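The values are calculated or read from the model by the stated rules, or taken from the named source; none is laboratory data. Remember, predicted model here, so these are calculated numbers, not experimental data. Virtual Cβ from ideal backbone geometry, glycine too; neighbours counted across all protein chains shown. The protein model used for the area step is the full one, side chains on, heavy atoms only, and it has no ligands, DNA or RNA in it. Shrake-Rupley method; radii C 1.70, N 1.55, O 1.52, S 1.80 Å.
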Amino acid sequence: AQSVAQPEDQVNVAEGNPLTVKCTYSVSGNPYLFWYVQYPNRGLQFLLKYITGDNLVKGSYGFEAEFNKSQTSFHLKKPSALVSDSALYFCAVNPSGTYKYIFGTGTRLKVLA
Amino acid sequence: AAGVIQSPRHLIKEKRETATLKCYPIPRHDTVYWYQQGPGQDPQFLISFYEKMQSDKGSIPDRFSAQQFSDYHSELNMSSLELGDSALYFCASSLSSVASGRFRTDTQYFGPGTRLTVL
């Protein structure tokens, strides 16, 4: 079965420190990979995506993500965390030839001042 | 830039009642998706439409139906509501394409959601 895993329910990081939110997937073919952020009682906001090309993709608000095909991972990173980055982050995969996204279970990021 | 619009934003219904959720995609987007997000859960794909035809189906209960209209807006109809239907319902839209005989859809942009509470 196709699945997306976010192994950490919560990640705590001090403001100014680098952050990493992990995502691995089990999907055949060459899926598209996405990261979204969700603030309380809000919709999902698109951060970045990987389709093809350079393994390091840059997105909104200083976030970037590194695609690793051999490890089937797509970890979200930011060099210097802000308190305002505190939110729920979802990794999503769009299997090729389909319309749907498969979401991970989400990781709550808490940036401490 | 115009975003996905959903209405209503909040809806309270009694068990066994019906509900209709509406979604207006970003202009020129041809694909609409519906997701259900329960409390503390990740969004679960329900159904999608491309050019007014159902394109993919996920874990949508038989009590639910949806369609996409000629102006590309979509409606999710929910009947015989149950307590377990209480959730945040998201609509998303995207632009799809066919290249070299293969279908691909671009980034899905999500609306703010409709919070449905069933009492």
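Please sort by residue number the trypsin sites (Lys or Arg not before Pro) in region A:37-113 whose DSSP state is loop and whose Cβ has at most 15 other Cβ atoms within 10 Å. Please report the intermediate quantities before stating the final value.
Working: sites: A:ARG42, A:LYS49, A:LYS58, A:LYS69, A:LYS77, A:LYS100, A:ARG108, A:LYS110; in loops: A:ARG42, A:LYS69, A:LYS100.
Those satisfying the criteria are A:ARG42, A:LYS69.
Under a 5 Å amide H to amide H cut-off, with H placed in plane at 1.01 Å, what residues pair with A:LYS110 once short-range neighbours are removed?
A:VAL11, A:ASN12, A:VAL13
Restrict the search to region B:45-105; then list the chymotrypsin sites (Phe, Trp or Tyr not before Pro) that DSSP places in a loop and that have at most 14 other Cβ atoms within 10 Å of their Cβ.
On the way: sites: B:PHE45, B:PHE49, B:TYR50, B:PHE64, B:PHE69, B:TYR72, B:TYR89, B:PHE90, B:PHE103; in loops: B:PHE69, B:TYR72.
In loop regions of region B:45-105 (DSSP not H, G, I, E or B), the sparsely surrounded chymotrypsin sites (Phe, Trp or Tyr not before Pro) are B:PHE69.
Report the A-B buried area as the accessible area lost on both sides summed, probe 1.4 Å, in Å² to the nearest 100. List each step's numbers first, then the result.
Details: alone 6250 and 6800 Å², together 11060 Å².
Chain pair A/B: roughly 2000 Å² of buried accessible area.
Classify the protein assembly as shown as rounded, prolate or oblate from the Cα gyration tensor: take a ≥ b ≥ c as the square roots of its eigenvalues, call it rounded if a/c is under 1.5, otherwise prolate when a/b beats b/c and oblate if not. Each step should come with its number before you reach the end.
Details: a/c = 1.89, a/b = 1.33, b/c = 1.42.
In terms of gyration-tensor shape, oblate.
Normalised by the empirical 2.2 N^0.38 Å for globular proteins, what value does the Cα Rg of region B:40-119 take?
1.20
What net charge do the residues around A:ASN12 carry, taking every other residue with its C-beta under 13 Å from that of A:ASN12, with Lys and Arg at +1 and Asp and Glu at -1? Before the final figure, lay out the partial values.
Working: positive: A:ARG108, A:LYS110; negative: A:GLU8, A:ASP9, A:GLU15, A:ASP85.
Here the charged neighbours net out to -2.
Give the accessible surface of the protein assembly as shown per residue, rounded to a whole number of Å², with probe radius 1.4 Å and ligands, DNA and RNA excluded.
Details: 11060 Å² over 232 residues.
Ligands and nucleic acids excluded, the figure is 48 Å² per residue.
Rounded to a whole number, what % of the accessible area of the protein assembly as shown do carbon and sulfur atoms account for, probe 1.4 Å? Mind showing how you got there, number by number?
Working: 5470 of 11060 Å².
Taking all protein chains in place, the protein assembly as shown shows 49 percent carbon and sulfur surface.
Need the C-alpha centroid separation for region A:5-75 versus region B:22-99, integer Å.
Measuring centre to centre over Cα atoms gives 24 Å.
How about region B:21-119: which GluC sites (Glu not before Pro) there lie in a loop by DSSP and see at most 13 other Cβ atoms within 10 Å? Please list the in-between numbers first.
Working: sites: B:GLU51, B:GLU75, B:GLU82; in loops: B:GLU51, B:GLU82.
Sparse-neighbourhood loop GluC sites (Glu not before Pro): B:GLU51, B:GLU82.
Let's see if you can work this out: charge +1 on each Lys and Arg Cβ, -1 on each Asp and Glu Cβ, no other charges. What is the dipole magnitude of the protein assembly as shown about its Cα centre, in debye to the nearest 20?
Details: 22 positive and 19 negative charges, 13 e Å.
With only Lys, Arg, Asp and Glu charged at Cβ, the dipole is about 60 debye.
Can you compute the FRET efficiency between A:GLU15 and A:THR52 using 1/(1 + (r/R0)^6), with r the Cβ-Cβ distance and R0 = 41 Å? Round to the nearest 0.05. Numbers along the way, then the final one.
Details: r = 34 Å, r/R0 = 0.84.
About 0.75, to the nearest 0.05.
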